[in-house]
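Here is the structure we will look at.
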Amino acid sequence: MEGKPARLSRTTLTDHVLPPDTNYHNTIFGGKVMAYIDKVSAMAAMRHCRMPVVTASMDSMDFLAPIKLGQAIYVEAFVTWTHHTSMEVFVSVEAEDLLTGERQLTGTSYLTFVALDENGKPCPVPPVMPETEEEKWHHDTAEARYLARKARKSTLESKRG
């Protein structure tokens with residue numbers, strides 16, 4: 001299967017944070033941020049493989065700073081690495097002050113998606129070809145994250161009995 005450049009999977013979303021999106025502290029609900037992350041990263045995975053996908057895992061979500069009422073949330077995702085039927089997607093979240101243009105990194109995460117065939121069964125995905133220094137770094141460090149996820153899943157399965 002021929003590889004595809006990571007840039008072809010890049011997906012972004014920008015939205016205005018309004019009162020229904022916020023909590024008691026006038027910052028966006030963490031669950032809403034996580035929903036944006038899942039949506040944008042799934043679209044990036046589908047752009048890479050051009051098949052339906054399901055979310056297999058989400059690594060720890062690191063909230064680095066709040067996104068406040070009136071700011072914009074900017075979510076960007078791209079496929080960093082592929083295995084046989086799975087894809088790792090990196091997501092960054094930023095807050096933008098719409099009056100000054102100032103941006104601040106507010107969160108990052110890695111998600112894993114599995115591509116599905118017409119019968120809902122996992123199917124092979126094309127390899128990803130990193131081009132930029134950022135893409136190469138994520139790609140070069142992805143196998144260690146994959147092995148850590150695999151070990152974590154194995155530990156969880158053994159605890160279930």
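Summary of values
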quantity	calculated
Matching residues in region 103-161 - criterion: being of a type in the set (Val, Ile, Thr), within 29 Å of Thr14 (Cβ to Cβ) and surrounded by fewer than 16 Cβ atoms within 10 Å (Cβ to Cβ)	Thr132, Thr141
Any chance Glu94 is more than 30 Å from Met1 (Cα to Cα) and outside any strand (DSSP E or B)	no
Scope region 97-108; condition out of contact with any Ser or Thr (no Cβ under 7 Å at 6 or more places or on another chain) and either among the small types (Gly, Ala, Ser) or assigned to a strand (DSSP E or B) (or both); matching residues	Gly101, Arg103, Gln104, Thr106, Gly107
Flag if Glu131 is of a type in the set (Asp, Glu) and in contact (Cβ under 8 Å) with a residue 40 or more places away in the chain	yes
Any pair with Cβ under 6 angstrom, 6 or more apart, that starts in region 14-34 at a residue that is on the phi > 0 side of the Ramachandran plot and ends at one that is modelled with pLDDT of 95 or more and not aromatic (Phe, Trp, Tyr)	Asn26/Leu69
Single condition Ser60 does not satisfy, out of (1) closer than 22 Å to Arg149 by Cα; (2) at pLDDT 95 or above	(2)
Top-ranked residue of region 47-70 - restricted to ones that are in contact (Cβ under 8 Å) with a residue 60 or more places away in the chain and not polar (S, T, N, Q), ranked as nearest to Gly30 (Cα to Cα)	Asp59
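The values are calculated or read from the model by the stated rules, or taken from the named source; none is laboratory data. Keep in mind that what you see is a predicted model, and the values were worked out from it rather than measured. Positions of Cβ are generated from backbone atoms using ideal geometry, with glycine treated the same way; all protein chains shown enter the neighbour counts.
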